[in-house]
Every structure is written in structure tokens, then in C-alpha cells.
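Student: The structure follows.
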Amino acid sequence: MTDLVVRRLLIDLESPVGRHWCGGDAFRSAFFNALSMSFPVGEQFFIDSVRNGLKSLPAERQAAWKDEVQGFIGQEATHRRIHALFNAHLEKQGLVNDWERRARERLKMMDGLDPRHGLAITAANEHFTALFAEWMLSHADLFQNTEPRLKTLWLWHSAEESEHKCTAFDLYKALDGSEAWRLKWMRRVTFIFLTDTLRQTVNNLQHDGTLWQWSTWTSAARFLFGKHGMIRSSTTAWRAWFRADFHPSQQESALSENWLRDNMAAYTVIGQPG
Ligand SMILES: [Fe+2]
Ligand SMILES: [Fe+2]
């Protein structure tokens, strides 16, 4: 069981966000904007999946999970609310969120399915977010020359993703979720997640008018495929999922703990399991 607290982030989300808010870099801004656009719909799905998972446990086993599930839901609900505020600035910039529309269409197919499917999808996505989170926390220089409030937003979200990375996975296991479906859903989620990220990033760059600038492509190459790039750095952690003895707790989370400890002034704790 993981002790999860819910935090209120003390940052200004009223002031407009610059178009190239991420260190003046068009590609990185478009990429993180794409991820942010997926959060309100995606994180609501994770909340619903974990809530349904809890309800599917026999009544006598639910009490042991209540605090962790409440913490998970509280954290994701805060993320989606804050990212919705951030996304409203993107909309004002003329960016168009197509990811959310596609995701809503796909989610209709989940109606009536065994709740363990939703949990397996959530656990797979959480593996992705946790490994990207750790990568972001270890490459905080990505946010060099970024307004401190926005750097805080992304690193706070990363830290909490790393913190609650076990919840959906553990609940899936507690419900005897099959190994075959765990692996199958990761393959599907990987394809869908990467395709959606790419499509929305390109869409954002198109609307920003920077898709065909040389600097956009050199930044993309460095960010994704460079020596310390996201893909090279994350492949080993992603692959670990396919080991029979995999558990999310095996993956690094010290940076998350350090960030939360060193940045207490950036948030207040609003909920703690009783
Ligand atoms: Fe989140
Ligand atoms: Fe999460």
C-alpha cells in the first residue's frame, strides 16, 4: 500500500502562457502541450477505472484499499483540473485539441467491459507517465529559461505520477488480472499513446506556424533521440514491464521524493488518508 497525499499547487494559472513557454523552444512547448491536452480526459478515465476496480473487490477487501484509492483519485483530479486551466491558455493561442476528441470516441468502446481492462489500460499508461516523470525530473534543464510557475507545474505532476505509479497495477493484480492482458494492453497503449502524442504535437506545431522551421526539427531530434533524449533514456524502463516479475516499485522514484521534499513551499497538503 502506498500513502498518498493530495496537494494544492500554489502557482498562478491566471496569467497568460507564452507560445513557446518551454525555454523558448517551439518543439518542446508543442510536445508538452500535446501531453497536457490528453490529461483531462485521460486522467478522468484513470480515476473511473480505479474507482470501478475498487468496487469490484469483495466488500471485505475494499476497506484496505480505500485510503490509497482516495489518494490516487485526489491526485489525478487535481492534475486534470490544473491542466484544464493550462489548456484554456493554449486554446486562446489558437491550438486545437484533437487528442481529446479521439480519446472520447475510443473510450465508448470500453462501455460494459470487465473493469480489469480499464485497470490494465490505466496501469500501462501509468507506467509510461512514471518513466517519463522520472526522466523529466532527472533532466530538469529541459525547463531552463522557463517561467518558474510552469516548471513547477510539470515537475509537481511528474513527482506525483512517480509517487502513485503502483496503485492501478496493484489493484489489477488484486483482482487477478491476467498476465496475457497486462502485456497485450501495454502493446496497444504504447501504439496509441505514441501515435496520439505525435499527431497532436504536429497539429500544435502546424497551428503555431513552426512545423517547417529547421530549429523545430533539430530540437525534436535532440529531445527524442539525443544521447540523453527521452526515447533512448526510457526504452529500458519501458521494456521492464514485459518481465514476468515486473512491479512498478522496482523503478526509480528517489527524484520524485526529493522534489516533493525540496519544494514544499510550492504546495499545501489538502488531504491525507486517515
Ligand atoms: Fe496525473
Ligand atoms: Fe497518474
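Student: Please find, among Phe72, Phe128, the residue that is part of a helix (DSSP H, G or I), within 16 Å of ligand 2 (Cβ to nearest atom), modelled with pLDDT under 95 and open to solvent by less than 50 Å² (accessible area, probe 1.4 Å). Please lay out each step first, then the result.
Tutor: Numbers: Phe72 fails: modelled with pLDDT under 95.
Answer to the check: Phe128.
Student: Consider Phe31 carefully, then state whether it is away from ligand 1 (no atom under 14 Å from the Cβ), assigned to a helix (DSSP H, G or I) and modelled with pLDDT of 95 or more.
Tutor: Yes.
Student: Run Arg7 past the list (1) touching a strand residue (DSSP E or B) at 6+ places or on another chain (Cβ under 6 Å); (2) of a type in the set (Lys, Arg); (3) part of a loop (DSSP other than H, G, I, E, B) and report the number of the one that doesn't hold.
Tutor: The number of the failed condition is (3).
Student: Filter segment 44-69 down to the residues that are buried (at least 23 other Cβ atoms within 10 Å of the Cβ) and within 12 Å of ligand 2 (Cβ to nearest atom) and list them by number.
Tutor: Across segment 44-69, the qualifying residues are Phe46, Ser49, Val50.
Student: Can you tell me how many residues in segment 131-163 are of a type in the set (S, T, N, Q), part of a helix (DSSP H, G or I) and either open to solvent by 10 Å² or more (accessible area, probe 1.4 Å) or away from ligand 2 (no atom under 13 Å from the Cβ) (or both)?
Tutor: Total satisfying the criteria: 2.
Student: Considering segment 221-249 alone, what residues qualify as being aliphatic (A, V, I, L, M) and either under 29 Å from Lys173 (Cα atoms) or touching a residue at least 40 places away in the same chain (Cβ under 8 Å) (or both)?
Tutor: If the condition is that a residue be aliphatic (A, V, I, L, M) and either under 29 Å from Lys173 (Cα atoms) or touching a residue at least 40 places away in the same chain (Cβ under 8 Å) (or both), then Met230, Ile231, Ala237, Ala240, Ala244 are the ones that fit.
Student: For segment 231-251, does any single residue satisfy the condition of being of a type in the set (Lys, Arg), modelled with pLDDT under 95 and open to solvent by 100 Å² or more (accessible area, probe 1.4 Å)? Quick ask: steps written out before the conclusion?
Tutor: The initial filter retains those residues of segment 231-251 that are of a type in the set (Lys, Arg), namely 232, 239, 243.
Filter once more, so that each one left must be modelled with pLDDT under 95: 232.
When the remaining residues are screened for being open to solvent by 100 Å² or more (accessible area, probe 1.4 Å), the result is 232.
Scanning segment 231-251, I find at least one residue that is of a type in the set (Lys, Arg), modelled with pLDDT under 95 and open to solvent by 100 Å² or more (accessible area, probe 1.4 Å), so the answer is yes.
Student: Name the residue, out of Val189, Val202, that is within 16 Å of ligand 2 (Cβ to nearest atom) and either among the aliphatic types (A, V, I, L, M) or open to solvent by 30 Å² or more (accessible area, probe 1.4 Å) (or both).
Tutor: Step by step, each of Val189, Val202 is checked, and only Val189 is within 16 Å of ligand 2 (Cβ to nearest atom) and either among the aliphatic types (A, V, I, L, M) or open to solvent by 30 Å² or more (accessible area, probe 1.4 Å) (or both).
Student: Which one of these is at pLDDT 95 or above and over 21 Å from Ala266 (Cβ atoms): Ser36, Ser49?
Tutor: Working: Ser36 fails: over 21 Å from Ala266 (Cβ atoms).
On inspection, the qualifying residue turns out to be Ser49.
The values are calculated or read from the model by the stated rules, or taken from the named source; none is laboratory data. On a predicted model such as this, the values are computed, not experimentally measured, just so you know. We place every Cβ from the backbone using ideal geometry, glycine too, and count neighbours over all the protein chains shown. The accessibility values were calculated without ligands, DNA or RNA, using every heavy atom of the protein model including side chains. Shrake-Rupley method; radii C 1.70, N 1.55, O 1.52, S 1.80 Å.
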